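Since every read-out is calculated from the coordinates, none of them should be taken as a lab result. Worth saying up front: this structure is predicted, and the values here are computed from it rather than measured. Every residue, glycine as well, gets a Cβ built from its backbone with ideal geometry; the counts of neighbours run over all protein chains shown.
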Amino acid sequence: MSSTPDSRQPSQRDVRRWRRYLAAERAEAAVYRDLASRRTGEEREILLALATAEKRHEDHWLRLLGDRAGRQLPTDPRTRLLGFLARRFGSVFVLALAQRAESRSPYVDDADATDTMAADEAVHEEVVRALATRGRQRLSGTFRAAVFGANDGLVSNLALVLGMSAAGLPTAVVLLTGLAGLLAGALSMAAGEYVSVRSQLELENAAVHGPIATDSVTHLDVDENELALVYRARGMGENEAELHAAEVLAGRNAQSESATLVHNPIGSALGAAISSFAFFASGAVIPVLPYLFGAEGLTAVFIAAGLVGVALLITGAIVGLLSGASPLKRALRQLAIGYGAAAATYLLGLLFGVSVG
């Protein structure tokens, strides 16, 4: 990998690649500026600093391209989606997607990108991870209870309703059983969530940050000192972060970055309990809907399973986004687990119905 642009005549393939990089850097800088417009204080400053760093990368590709830059190319669909979401929502979901985008930087293996640019991208991923972690932790109580409460309601009540239906019980009995399961489960979830979050508040669990690779720190621009952004995102003040980053760069020892402050807000216990009740109930009512509207037999079973399947895909994708994992994989995993539990209960209901009959 080169540290400065060389004087060789670039091929058409090189020019096309540089133009793609240029478009990507401009789009990513715009995403960070849009996110910053919806933030205040420390987070706003960090996001604007990231946008400034992307501008330096943009300038590198402009120098290489010279008069070959031409009209700006369209960016890839992921970056366009990020920009759309950042302009309209500016939520933790956008930061989670941005974290995944930063982790796919091609500069490490590209001879035309500088070592400093590759190191910048590695640090940017960690900065965005820390900002996304702040958002996840703010949502960790109420929102976590909401998502998992809805999922539990979907799976448990679908299994209950299908098992009762497979046993050959009348539609009215299945409906009443589903409504009873909804109420009992929602109350149980609310009580359990209140105790869980309350205990979490009292115990003060420490958060663990991802490590910054030693080779990334080695190539960082000392004058820009972007390593300080990581420490600011994790909770340090600006001066303290600058001092700590300077010490790390002076020693070229990335291991000392682990001694950072933890930014670990936790949601309200009462809010988590209310949210858990409401979302468990909203999930648990879905399998009951066909019976509420008069469907019977296999028709009701298929409609309930279909509605729950769609809802499981949605909750799985949301969990994937929040955890920084693939939304599609998490959605399919959620669907497989939910359908597996429901299928097992349905088969047990069939066996029970046959034995009683």
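Calculate the FRET efficiency for Ile337 and Arg68 from the Cβ-Cβ distance with a Förster distance of 45 Å, rounded to the nearest 0.05. Kindly include the intermediate steps, with their values, before the conclusion.
Values: r = 52 Å, r/R0 = 1.15.
Computed FRET efficiency for Ile337 and Arg68: 0.30.
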Between Val108 and Ala172, what is 0.36 nm times their sequence separation minus the Cα-Cα distance? Round to one decimal in nm. 16.7 nm
Under the Karplus relation with 6.51, -1.76 and 1.60 and θ = phi - 60°, whole-Hz ³J(HN,Hα) for region 304-315, x at Gly and Pro, equal 4, 5, x, 5, 5, x, 4, 5, 5, 4, 5, 5
At a Förster radius of 35 Å, what calculated FRET efficiency corresponds to the Cβ-Cβ distance of Glu45 and Leu270, to the nearest 0.05? 0.60
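Using packing as a proxy for protection, rank 123-134, 291-302, 153-164 so that the peptide with the highest average count of other Cβ atoms within 10 Å comes first.
Working: 123-134: 24.6, 291-302: 14.5, 153-164: 26.7.
Going from most to least packed, we get 153-164, 123-134, 291-302.
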Report ³J(HN,Hα) in whole Hz for each residue of region 171-185, in order, from the Karplus equation J = 6.51 cos²θ - 1.76 cosθ + 1.60 where θ = phi - 60°; Gly and Pro get x. 4, 4, 5, 4, 4, 5, 5, x, 5, 5, x, 4, 5, 5, x
FRET efficiency for Ser188 and Ile303, using Cβ-Cβ distance with R0 set to 22 Å, rounded to 0.05: 0.25
Karplus-derived HN-Hα couplings along region 43-52 (A = 6.51, B = -1.76, C = 1.60, θ = phi - 60°), whole Hz, x at Gly and Pro: 5, 4, 4, 5, 5, 5, 5, 5, 4, 5
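Packing-wise, with mean Cβ within 10 Å as the measure, how do 65-73, 242-250, 268-276, 226-234 rank, highest first? Kindly include the intermediate steps, with their values, before the conclusion.
Working: 65-73: 11.8, 242-250: 16.7, 268-276: 21.4, 226-234: 24.8.
Top to bottom by mean Cβ count within 10 Å: 226-234, 268-276, 242-250, 65-73.
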